[in-house]
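One structure is given here, and the rest of the page talks about it.
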Amino acid sequence: MTYRYTNRAKAQLARSITSYDTTLTLTAGSGSLFPLPQPPSDFFALTLASVENPDQFEICTVLSRNGDTLTVQRGQEDTTPQSFSSGDVASLNMTAGVFDLFPQAGYMGVYDQTIANRIGGYRKNAIVCDPNITGLFWISTQDENATTPGNGLGGAWISFNANDSYVSGTLGEVSGDLQGKGLHTEGSTNRVLYNDQRNGWRSLALTSDLNAEIQRAENAESQLVCGQGYGFPGDLNIIRLWFGGSEGQVLVRDQNNKIYSLQQTGDFATHSDLNAALSDIVKSHSYDTDYQLNEIGINKTTGRIWAHNDSSGKFFYLQPEGSYITSHGYSDGDLTLTNIWKGTNGNLLANISDGSAMRIVRGDGYGGNDVNITRLWRSSNNGIPCVVDENNQLTYLQEAGDFATHSDLNAATQNKVNRSGDTMTGDLLLSGNIWNGNYYGRTLRSTVDGASTQASLQLLGRTGHAAAALSVRDENNTEHSWFFNADNSIITPTGNSLLEISGNSSTAKVQAFSLTFPRLTETLWVSFPQSFSATPYSVHVQVNNEPLSEDDGSRYPRMASITNKDRYNTPNIAPNGVSVDLDSIYSGPTDQSGTLWVTAIGPA
């Protein structure tokens, strides 16, 4: 709140006012003598005085001025709103309330909550004394500040102490804040030092130093190798990587402080390479009583491979590399080859350990990408011929016979239904046969592995007739056939005609069932096994009566159609059941039960 002033501002009322008026009109042109406050924070005090009675006055607060018209708050500073006449005086004077808002000469006002409320809060940068601590001052950090300084509840005040040169900071915004006491630059080191009430002097980092450190860290990080794993089980982070000074090896240290040596890139063989190379090398050590080979070579004249053993003094000639069938068997009872040679007719021959001779099939190809065969035999498990090539790849052979190629199978099965659930498009054509004047279509049969039941479907008919039939065989191998007459009626397996409901566009269903009833009441309510969607079209009941005597004829069945009203004009039929009047159709003994057959036709 700001009070505005002008010197010698005094005018007369242009019209009379009552004690309720909040708008005053001054004589023409005299409004310019007064301040022009800017709502809502500017004001000035106005004193109204009666010309006839100088003791009659009232103090108002002017909120705004528009030319010679003033908008005021009446009865301020403990005065009472009163009526004034045209010509009475309106002047801008210093009032006691205004004086209370200003510190007296040589005195800075103490914070006062009453004044804060009266002026609508202190303005930003207003300075007040602490009411309890001498030398402690508070600076307001916002306009209309009516909070209490030093209450620790986030009041908008900054404190400073004239005795201890305190640095206010944001003291009081958070509970437990410490008062800053000093902030300066050290002359010898150019460090910025800060001191609070508890921790003493500490160095503060300059923005330029922080930026330089950030740049240094970024440059260093760009040259570092990340030693963190990807979080897989067993991963260990690497914490250090360096070259060993004496050995020149690359060394790493993991998070468990264990050091490892790394192999530099070079012409190194992997273990797989070594194993592949060793697989083709003859080992020179012996097993048990075997001779150990000391030398191996090739005779320049004959080209034969030889090996020498020092302990025996013997030379051994080896078979040259080639595609040969091994001379030993794989299991007990196998016969080994004792000699292999090429006959004069070019065939390979061999002697077997049992003294017989046999012709050998050569296992080498004709060059190019051919793969040589090293073994050929018939499996003792399934009798299938087998071969193993020089890559140790096993292949099963198919004997000559009536076999179809995959192309033949694909052509034959095109547009056929797969038994595992394929969907067929188009017609399924099944040719049949004629026998004894009837024709029979091919049977469609559905079976499930391990199940004792099966379902089959067959189309039947008679030659020379357009009628056909549908035959189904159940799990008991009992055949059920439905025949189609020339009039399109259907004959069921029992020889009866299948009932057809016409004249109704909705779908209908038939329910037929029986129940045993006690002879207890005249009327019996019979519930349908399944409710119809609406009242059935018709309901028929039949009861077999036990005879009262051997000759009264009451044993014969009696049938009745149930209408929708009984003799008492009560509805008989409902979607969920029917009411049967037993007195009308039952003549059996009253102390015995009977059997009732019901047939109902209605909307599904």
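Starting from the Cα of PHE513, step 7 Å along the direction of its Cβ; do the same at THR478; then give the gap between the two resulting points in nm.
Distance between the two pseudo-spin positions: 2.2 nm.
Give me P(r) over region 76-142, computed from all C-alpha to C-alpha distances, binned every 5 Å, as integer percentages.
Per 5 Å bin, starting at 0, the Cα pair percentages come out as 3, 12, 19, 21, 13, 10, 8, 6, 4, 2, 1.
Provide the net charge surrounding GLY29, with neighbours chosen by a C-beta distance below 14 Å and charges set as Lys +1, Arg +1, Asp -1, Glu -1.
On the way: positive: LYS10, ARG65; negative: ASP68.
Neighbourhood net charge equals +1.
Just to verify a number: what accessible area does THR207 come out at with the full protein assembly present, 1.4 Å probe, Å² rounded to tens?
100 Å²
Between ASN294 and VAL371, how many nm apart are label points set 7 Å from Cα along the C-beta direction?
4.3 nm
LEU204 to LEU36: FRET efficiency via 1/(1 + (r/R0)^6), r the Cβ-Cβ distance, R0 45 Å, to the nearest 0.05?
Working: r = 48 Å, r/R0 = 1.08.
That gives a FRET efficiency of 0.40.
Express in Å², to the nearest 10, the accessible area of TYR396 obtained by rolling a 1.4 Å probe over the protein heavy atoms while all chains stay in place.
About 140 Å², ignoring ligands and nucleic acids.
Evaluate E = 1/(1 + (r/R0)^6) for GLU221 and GLN249, where r is the Cβ-Cβ distance and R0 equals 30 Å; express this FRET efficiency to the nearest 0.05.
Working: r = 26 Å, r/R0 = 0.86.
Using R0 = 30 Å, I get an efficiency of 0.70.
Given a Förster distance of 25 angstrom, what is the FRET efficiency for ALA276 paired with SER407, based on the Cβ-Cβ distance and rounded to 0.05? Provide the component values of the computation, followed by the final result.
On the way: r = 40 Å, r/R0 = 1.59.
E(calc), rounded to 0.05, equals 0.05.
The values are calculated or read from the model by the stated rules, or taken from the named source; none is laboratory data. Here the structure is a predicted model, which is why all the values come from computation and not from measurement. Cβ sites come from the backbone with ideal geometry, for glycine too, and all protein chains shown count toward neighbours. These area figures cover heavy atoms from the full protein model, side chains too; ligands, DNA and RNA do not enter into them. Shrake-Rupley method; radii C 1.70, N 1.55, O 1.52, S 1.80 Å.
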